[in-house]
Amino acid sequence: MKTYLVGGAVRDKLLGRTVTEKDWVVVGSSPEQMIARGFMPVGQDFPVFLHPHTKEEYALARTERKTGKGYGGFSFYCGDEVTLEDDLIRRDLTINAMAQDECGQIIDPYNGQQDLADKLLRHVSPAFAEDPVRILRIARFAARYHDLGFRVATETIALMQTMVANGEVDHLVAERVWKETERALGENNPEIFIEVLRDCNALARLFPEIDALFGVPQTAVHHPEIDTGIHTLMSLQQAVKLGGNTCVRFATLLHDLGKAATPPEEWPRHIAHEDRSLPLIKNLCARLAAPKEFKELALITAQWHTHCHRALELKPTTVLKVLHATDALRRPERFKQFLLCCEADARGRTGFELREYPQADYFRRCLQATKNVDIAAVQAQGLSGPAFGEALDKQRLALITALKNT
């Protein structure tokens, strides 16, 4: 029985990055021997065990055989004659197909170290094409390591294009697509995730609503970058720079979906694109089974972001309308996220990246002002139901008006 550190831990150690978790491969053992040594079996598809003390994952070296479509269409063999090289060749990228033995020696049968030096994301073998999840993983790795100068190898992009053409991505289940997408949104350059998916033609199959934005023109005076798809990715970059979490980044990514539904004869204007966005967002979120909080923020951002851009021009009644529509009074933290999305949208334009966005501060101050309503005075009037709410809104409107006039 021999044990090797494998995968991401070896890769990140060689890159000088922090190793957050360790995976191990065991060669020359069996499930019975692992259990006898105190390891706890946890793998459902193939033998994976938790170390009795560290709780790190140990998997028996295995080979795989494609038996059907999609992520789950595999059979596995874990006999004690399976070698380390047999196990590594079934992995996705060469930089993930390295191992380290107990003495610290790197085992690198597929030139992962050279690809690290060349900053190349390259598939290990043709077996890469058997698992469509790998398309999402490669796009996510490209987003993660973009700031280090990594790119996807030309031959790997070509193989991914073939996989898409063969319909492999059509068999991806929503859970896996969402999991990889959410993880990609958490990287420093999530826009690269979208770009790589587009390069291999997977974006049109997985996110047709986003893919449709590319090539749709906008008014040059407001959007010097012209292309709506480019603007969307620029906004996503700004959401990262503003410190937005994955929920903010997701909402920013979807905020302009309705522009792809604008009749071409109306281009480059996009009147009512806010309302056109809503069914597209609902369909996308339903298809991916996106969490409720992601869907809700995306919807309010799409519907109300242009109101936020015009905040300083709005009547106090309209400001209060937006606060109610976004549920800002009851959910101020989510409203802060909404404002981040709006600022990212405003800055996601060529030449506007560093421009101030006082609209967000104005809305924050309006929301803060509404907290000064005298609830006790309204209660003393004996009002209830809609009348109670109307009395509160009257006070809120007066407070917002006073703020606007200062």
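Observations on the structure shown:
- Tyr110 passes every criterion in (1) touching a Phe, Trp or Tyr at 6+ places or on another chain (Cβ under 8 Å); (2) not in a helix (DSSP H, G or I) apart from (1).
- Matching option when the condition is assigned to a helix (DSSP H, G or I), under 19 Å from Ala402 (Cβ atoms) and not assigned by TED's automatic domain parsing to the domain that holds Arg396, among Leu339, Leu320: Leu320
- Residue satisfying all of: in the range 116-128; part of a helix (DSSP H, G or I) and crowded, with 19+ Cβ neighbours inside 10 Å; modelled with the lowest pLDDT among these: Phe128
- Residue check, Leu278 among the hydrophobic types (A, V, I, L, M, F, W, C) and surrounded by fewer than 20 Cβ atoms within 10 Å (Cβ to Cβ): yes
- Matching entry among Thr318, Thr326 (being within 31 Å of the chain's Cα centre (by Cα), closer than 30 Å to Asn283 by Cα and of a type in the set (Ser, Thr, Tyr)): Thr326
- Restricting the range 129-174 to residues that are among the charged types (D, E, K, R) and modelled with pLDDT under 95, the residue that is surrounded by the most Cβ atoms within 10 Å (Cβ to Cβ): Glu168
- Test result for Asp327, modelled with pLDDT of 95 or more, surrounded by 14 or more Cβ atoms within 10 Å (Cβ to Cβ) and not in a helix (DSSP H, G or I): yes
- Qualifying positions in the range 190-224 - in contact with a His (Cβ under 7 Å, 6 or more places away or on another chain) and closer than 18 Å to Thr262 by Cα: Gln218, His223
Per-residue answers, yes or no, for (1) in a helix (DSSP H, G or I); (2) under 14 Å from Phe294 (Cβ atoms):
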position	(1), (2)
Thr219	no, no
Glu225	no, no
Ile230	yes, no
Met234	yes, no
Gln238	yes, no
Gly243	no, no
Cys247	yes, yes
Ala251	yes, yes
Lys259	yes, no
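- In the set (1) out of contact with any Phe, Trp or Tyr (no Cβ under 6 Å at 6 or more places or on another chain); (2) touching a residue at least 40 places away in the same chain (Cβ under 8 Å), Leu288 fails one condition alone, (1).
The values are calculated or read from the model by the stated rules, or taken from the named source; none is laboratory data. These figures come from a predicted structure and were not determined experimentally. Methodologically, a virtual Cβ is constructed for each residue, glycine included, from the backbone with ideal geometry; neighbour enumeration extends over all protein chains shown.
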